[in-house]
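Enquirer: Got a structure for you, questions after.
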Amino acid sequence: MTSQPDAGFVTQGDVGILRIDHVGIAVADLDAAIDFYHRVFGFRCVHRETNDDQGVREAMLAIGPDPDGGRLQLLAPLTPESAIATFLDRSGPGVQQVAYTVADVEVASAALRERGMRLLYPEPKRGTAGSRINFVHPKDAGGVLVELVEPAR
């Protein structure tokens with residue numbers, strides 16, 4: 001038996017979403033969190049950087065053996081004023097965002113704005129490893145901070 005999408009089903013093609021890119025986790029101590037996820041779940045740290053523009057130290061952890069598999073992004077605040085510090089103060093450690101890989105962050109942003117979504121930035125900003133990013137406001141996305149990620153070319 002095959003399932004058919006509902007007649008009202010909207011494809012994501014015009015937004016250009018390709019896949020889930022990563023899930024972002026806010027943490028107070030980046031090194032301790034990397035150790036925890038490695039020791040408990042076997043995740044491997046495949047990238048670390050400091051993003052001064054976003055006010056975070058971050059690490060990308062590979063999940064499973066597939067090089068194109070999912071990623072977990074750990075985010076620790078650089079300063080008490082950073083968005084991640086504010087999130088930790090308000091909510092404690094935990095899931096902070098869900099990110100989707102998009103073909104073109106500007107096209108995706110424009111398509112989502114046409115659908116009434118508010119984005120956090122008027123223009124894309126620099127994300128992890130030179131990617132270009134923007135965020136859909138969580139109040140417009142069912143309480144979830146949605147990140148749009150166009151990987152570096």
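The values are calculated or read from the model by the stated rules, or taken from the named source; none is laboratory data. For clarity, every value in this text was computed on a predicted model and none was experimentally measured. Reconstructed Cβ throughout: ideal geometry from the backbone, glycine too, with neighbour counts over all protein chains shown.
Enquirer: Restricting attention to region 135-152, and to residues there that are surrounded by fewer than 19 Cβ atoms within 10 Å (Cβ to Cβ) and in contact (Cβ under 8 Å) with a residue 40 or more places away in the chain, which single residue is nearest to G116 (Cα to Cα)? Working first, answer last.
Expert: Going residue by residue through region 135-152, those that are surrounded by fewer than 19 Cβ atoms within 10 Å (Cβ to Cβ) are 137-144, 151-152.
Subset that is in contact (Cβ under 8 Å) with a residue 40 or more places away in the chain: 144, 151.
Numbers: V144: 16, P151: 25 Å.
The extreme case among them is V144.
Enquirer: Given the residues A59, A85, A76, which is the only one that is surrounded by 15 or more Cβ atoms within 10 Å (Cβ to Cβ), modelled with pLDDT of 95 or more, outside any loop (DSSP other than H, G, I, E, B) and more than 16 Å from the chain's Cα centre (by Cα)?
Expert: Numbers: A59 fails: more than 16 Å from the chain's Cα centre (by Cα); A76 fails: more than 16 Å from the chain's Cα centre (by Cα).
Going through A59, A85, A76 in turn, just one is surrounded by 15 or more Cβ atoms within 10 Å (Cβ to Cβ), modelled with pLDDT of 95 or more, outside any loop (DSSP other than H, G, I, E, B) and more than 16 Å from the chain's Cα centre (by Cα): A85.
Enquirer: Has region 62-71 got at least one residue that is under 16 Å from I133 (Cα atoms) and either in contact (Cβ under 8 Å) with a residue 60 or more places away in the chain or exposed (fewer than 13 other Cβ atoms within 10 Å of the Cβ) (or both)?
Expert: No - not one qualifying residue is present in region 62-71.
Enquirer: Moving on. For S109, only one of the following conditions fails: (1) part of a strand (DSSP E or B); (2) farther than 18 Å from G24 by Cα. What is its number?
Expert: (1)
Enquirer: Can I ask one more? For region 95-109, indicate whether the set of residues that are loosely packed, with under 14 Cβ neighbours inside 10 Å and either of a type in the set (D, E) or out of contact with any strand residue (DSSP E or B) (no Cβ under 9 Å at 6 or more places or on another chain) (or both) is non-empty.
Expert: Looking for residues that are loosely packed, with under 14 Cβ neighbours inside 10 Å and either of a type in the set (D, E) or out of contact with any strand residue (DSSP E or B) (no Cβ under 9 Å at 6 or more places or on another chain) (or both), one finds none in region 95-109, hence no.
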